[in-house]
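To keep things clear, I will list the structure first and then write my remarks on it.
Rule-based calculations on the coordinates, nothing more; no lab input. Quick caveat, the model's predicted, so the values are computed rather than measured. Positions of Cβ are backbone-derived with ideal geometry, glycine not excepted, and every protein chain shown enters the neighbour counts.
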Amino acid sequence: MRQRRVNKSSQSTSVSRRRDWRRRWRYFYLRFLRLRGSPEAIARGAAAGVFAGWFPLIASQMAFAILFAALIKGNKIVAAAATWVSNPLTAVPIYAFNFHVGRWLLGSHAQSFSAESLSSWEGMMQMGREFLVDLLVGCFVVGSLCSLGSYFLCLWFVRRVRERRHLNGRKS
């Protein structure tokens with residue numbers, strides 16, 4: 001009998017946690033719906049944040065996104081939130097992909113991380129410069145493409161949500 005009570009207790013805790021997650025997601029969804037500004041400004045903010053999120057500026061991505069959003073007259077809150085396309089779980093795959101894209105675009109296939117390249121200070125410096133250039137070129141190209149895609153996706157989404165809200169008689 002005692003075991004049944006423990007199971008009921010754990011089940012109610014599990015249900016409670018699910019409700020909490022649903023409430024949080026609904027809260028953020030409603031906050032998104034109530035964002036002020038034109039759909040274009042919100043989409044520009046998302047594009048600025050996605051662009052900044054594809055660069056390895058770990059500690060300053062949000063600041064860069066907000067500054068970039070201010071320059072292109074985008075929503076700064078959306079820009080800061082959109083930088084989370086790169087987070088602790090996605091950062092390594094994103095930067096590895098960007099590095100390989102940059103390496104492919106620049107044709108720098110000679111770069112390798114072998115014992116010979118690490119044997120001298122000059123070899124390590126050369127490898128570091130090539131690595132950084134390959135990474136930044138890849139980040140710029142992939143970030144630009146993803147930013148452009150996120151602009152149009154976000155623009156479509158905001159317009160669609162506001163249109164639905166308007167049709168349902170709610171204030172947008």
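Find out how many positive minus negative residues lie around residue 103, taking Lys and Arg as positive, Asp and Glu as negative, among other residues whose Cβ is under 11 Å from that of residue 103. Value of the local net charge: -2. Peptides 48-61, 156-169 ranked from most to least packed, by the mean per-residue count of other Cβ atoms within 10 Å: 48-61, 156-169. Computed from the Cβ-Cβ distance with R0 of 45 Å, the FRET efficiency linking residue 57 to residue 161 stands at 0.90. In this structure, residue 20 and residue 141 have a Cβ-Cβ separation that, at R0 = 45 Å, corresponds to a calculated FRET efficiency of about 0.65. Estimated from the Cβ-Cβ distance and a Förster radius of 45 angstrom, the FRET efficiency linking residue 38 and residue 87 is about 0.95.
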